[in-house]
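Trainee: Pasting in a structure now, in structure tokens, and then I'll have a few things to ask.
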Amino acid sequence: MPKIITLTMNPVVQKDTAVAGIIPNTKLRCDPPVYDIGGGGINVSRVLKELGSPSLCMHLSGGSTGDHLRQMIAMREITQKAISIEDRTRDYLSVTDTLTNLQYRFGVPGPHVQKQEWEKVLTQLQESLQKGDILVASGKLPQGVPSDFYIRVSKITDKNGAKLIIDTSGDALLPSKKASIFMMKPNLKEFSILMGVESISALHLDSLAKKFLTQNKCEVLVISLGAKGALLATKEFVEYIPSPVVHQKTTIGTGDSMVAGMVYSLVQGKSLREMVHYGVACGAAATMRSGTQFCNKYEVEDLYEWLKKNC
Ligand SMILES: Nc1ncnc2c1ncn2[C@@H]1O[C@H](COP(=O)(O)OP(=O)(O)OP(=O)(O)O)[C@@H](O)[C@H]1O
Ligand SMILES: [Mg+2]
């Protein structure tokens, strides 16, 4: 079976707490913090683990937050390859005011990654990727990493005969379309940026997807449409796959869960259509959960069966 490697260039350690009333100039006695890990590829590895598929979680980490990140990945029994950086892995604090139920989120700038550090990632990929392997490059890039980084990654996946899946946003998004990619998973807003248009209506989505595939070296395009499902496009066909209606509790991690579901399905040798069905089921299942678990395998399977029967 092919190996799955996830790559997270800008992981995060999340710290969640709660307090009754956020009042300025007062010492606020908050609840004991709950720590968690995040970042595109790490989330994909977590969901793959829930689905029953191993993956190698490759990430950059540094400083005390980096140590903590590594510990928490190990506690989840996810195989990891941590590439050390000098600067400190970013952290993120969210505080819920229990009087209003409003959540306040505080982010600070992430690390500055040095040239020799991001080059180490490329060397590591060069050494690890073999023919047929899947590399999921997910998430934004930290400061210091060139915005064409994923193009450099694609040269390695191409050379080693591995499949590259990209799900990114921010500065790395536009340059990535010039990479040689097996599959790209933008949401609608990201796809508008990729196509250089303000907004996209349902009437033009198919033709824009085809145009994207003709103009770029991307084999499969999956545009996620939130509660509306997803559009699967290749040079040969375009198909719309609706998402089942579910009771939505959160929208956090829907995209990463969807990518994990598609990768899981791919390594099982499923068709592209089945792959997107499974991805949509995982994305929908993720909205039903709140807290630290993105999705539950049994709920995913139920939603997948429903999709197979009804779509
Ligand atoms: N409210 C919802 N109800 C049902 N399914 C949903 C809902 N929101 C998302 N999904 C499913 O999850 C998939 C991915 O969601 P979405 O398009 O929001 O990804 P995203 O914008 O990349 O998310 P992220 O913020 O995690 O990056 C959708 O294609 C859909 O199948
Ligand atoms: Mg996304």
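Trainee: Below 8 Å, C-alpha to C-alpha, sequence gap of six or more: please give me the relative contact order for the chain in percent.
Mentor: Relative contact order, the chain: 14 percent.
Trainee: Excluding residue 190 itself, calculate the net charge of residues whose Cβ lies under 13 Å from the Cβ of residue 190, where each Lys or Arg counts +1 and each Asp or Glu counts -1.
Mentor: That sum, taken over residues with Cβ under 13 Å, equals +2.
Trainee: While we're on this one: How much length, in nm to one decimal, is gained on full extension between residue 114 and residue 237, taken as 0.36 nm per residue of separation minus their Cα-Cα distance?
Mentor: That pair, residue 114 and residue 237, stretches by 40.0 nm at full extension.
Trainee: Here is a follow-up. Percent relative contact order of segment 69-111, based on C-alpha pairs within less than 8 angstrom and at least six residues apart?
Mentor: In percent, rounded to a whole number, it is 31.
Trainee: Between residue 230 and residues 5 or more places away or on another chain, which pairs have amide H atoms under 5 Å apart, with H built 1.01 Å from N, and which residues are they?
Mentor: Sorted by chain and number, the residues that satisfy this are 225, 241, 243.
Trainee: Which entries of 185/228; 217/249; 189/210; 49/270 have Cα-Cα distances beyond 27 Å here?
Mentor: With Cα atoms farther than 27 Å apart: 217/249.
Trainee: How many nm is it between the label spots at residue 101 and residue 147, if each spot is 7 Å from the Cα in line with the beta carbon?
Mentor: With each label placed 7 Å out from Cα toward Cβ, I get 4.1 nm.
Trainee: Express the carbon and sulfur contribution to the solvent-accessible surface of the chain as a percent, rounded to the nearest whole number, probe 1.4 angstrom.
Mentor: 52 percent
Trainee: Starting at 0 and stepping by 10 Å, how many percent of the alpha carbon pairs of segment 185-311 end up in each bin?
Mentor: 13, 45, 32, 9, 0
Trainee: Report Rg (one decimal) and Dmax (nearest whole number) for the chain, counting Cα atoms only, units Å.
Mentor: 19.4, 62
Trainee: Can you list residues whose amide H is under 5 Å from residue 133's amide H, if they're 5+ apart or on another chain and H is modeled 1.01 Å from N?
Mentor: Excluding prolines and chain starts, which carry no amide H, the hits are 3, 163.
Trainee: Among 42-53, 121-132, 18-29, how do they line up from the highest to the lowest mean number of other beta-carbon atoms within 10 Å?
Mentor: 42-53, 121-132, 18-29
Trainee: From the phi of every residue in segment 242-254, what ³J(HN,Hα) in whole Hz does the Karplus formula 6.51 cos²θ - 1.76 cosθ + 1.60 yield, where θ is phi - 60° and glycine or proline is x?
Mentor: x, 9, x, 6, 9, 7, 7, 9, 8, 10, 6, x, 5
Trainee: Could you derive backbone 3J(HN,Hα) for segment 226-239 from the dihedral phi with the Karplus parameters 6.51, -1.76 and 1.60 (θ = phi - 60°), listing whole Hz in sequence and x where the residue is Gly or Pro?
Mentor: Rounded to whole hertz, the list is x, 4, 7, x, 7, 10, 9, 9, 10, 5, 8, 8, 10, 9.
Trainee: Listed highest first by mean packing, meaning other Cβ atoms within 10 Å per residue, what order do 299-307, 108-116, 136-144, 243-251 come in?
Mentor: Going by the mean number of other Cβ atoms within 10 Å, highest first, we get 136-144, 299-307, 108-116, 243-251.
Trainee: What are the residues whose amide H is under 5 Å from the amide H of residue 80, where those residues sit 5 or more places off or on another chain and H is modelled from the backbone?
Mentor: Here the answer is 57, since their amide H atoms fall under 5 Å of that of residue 80.
Trainee: A follow-up question, please. Given R₀ = 51 Å, FRET efficiency for residue 124-residue 27 by Cβ-Cβ distance, to 0.05?
Mentor: Once rounded, the FRET efficiency stands at 0.70.
Trainee: Tell me, in nm to one decimal, what length is gained between residue 250 and residue 1 on full extension, where the rule is 0.36 nm per residue of separation less the Cα-Cα distance?
Mentor: Extending this stretch completely gives an extra 86.3 nm.
Trainee: Right, next: Considering only 173, 102, 205, give the residue with the highest GNM mean-square fluctuation for the chain, with springs between Cα atoms whenever their separation is below 10 Å.
Mentor: 102
Trainee: Ranked from highest to lowest mean number of other Cβ atoms within 10 Å per residue, what is the order of the peptides 192-204, 268-280?
Mentor: Averaged packing, sorted descending, gives the order 268-280, 192-204.
Trainee: Quickly estimate the mean residue ellipticity at 222 nm for the chain, helices only: each DSSP H run with n ≥ 4 gives -39500 (n - 2.57), and the total goes over all residues, rounded to 500.
Mentor: -12000 deg cm²/dmol
Trainee: Now, a different point. Based on the Cβ-Cβ distance of residue 306 and residue 227, what FRET efficiency does E = 1/(1 + (r/R0)^6) give at R0 = 22 Å, to the nearest 0.05?
Mentor: In this case the efficiency is close to 0.90.
Trainee: Same structure, new question: Please calculate how many Å² of accessible area the chain carries per residue, with a 1.4 Å probe and no DNA, RNA or ligand atoms counted.
Mentor: In whole numbers, the chain has 48 Å² accessible per residue.
Trainee: For segment 1-53 and segment 131-192, what is the separation of their C-alpha centers, rounded to whole Å?
Mentor: About 23 Å separates the Cα centre of segment 1-53 from the one of segment 131-192.
The values are calculated or read from the model by the stated rules, or taken from the named source; none is laboratory data. This one's a predicted model, so the numbers in the text were calculated from it and none came from an experiment. Quick reminder, even Gly has a Cβ in these numbers, built from the backbone with ideal geometry, and neighbours come from all protein chains shown. Remember, those area values only see protein heavy atoms, side chains included, never the ligands or the DNA or RNA. Shrake-Rupley method; radii C 1.70, N 1.55, O 1.52, S 1.80 Å.
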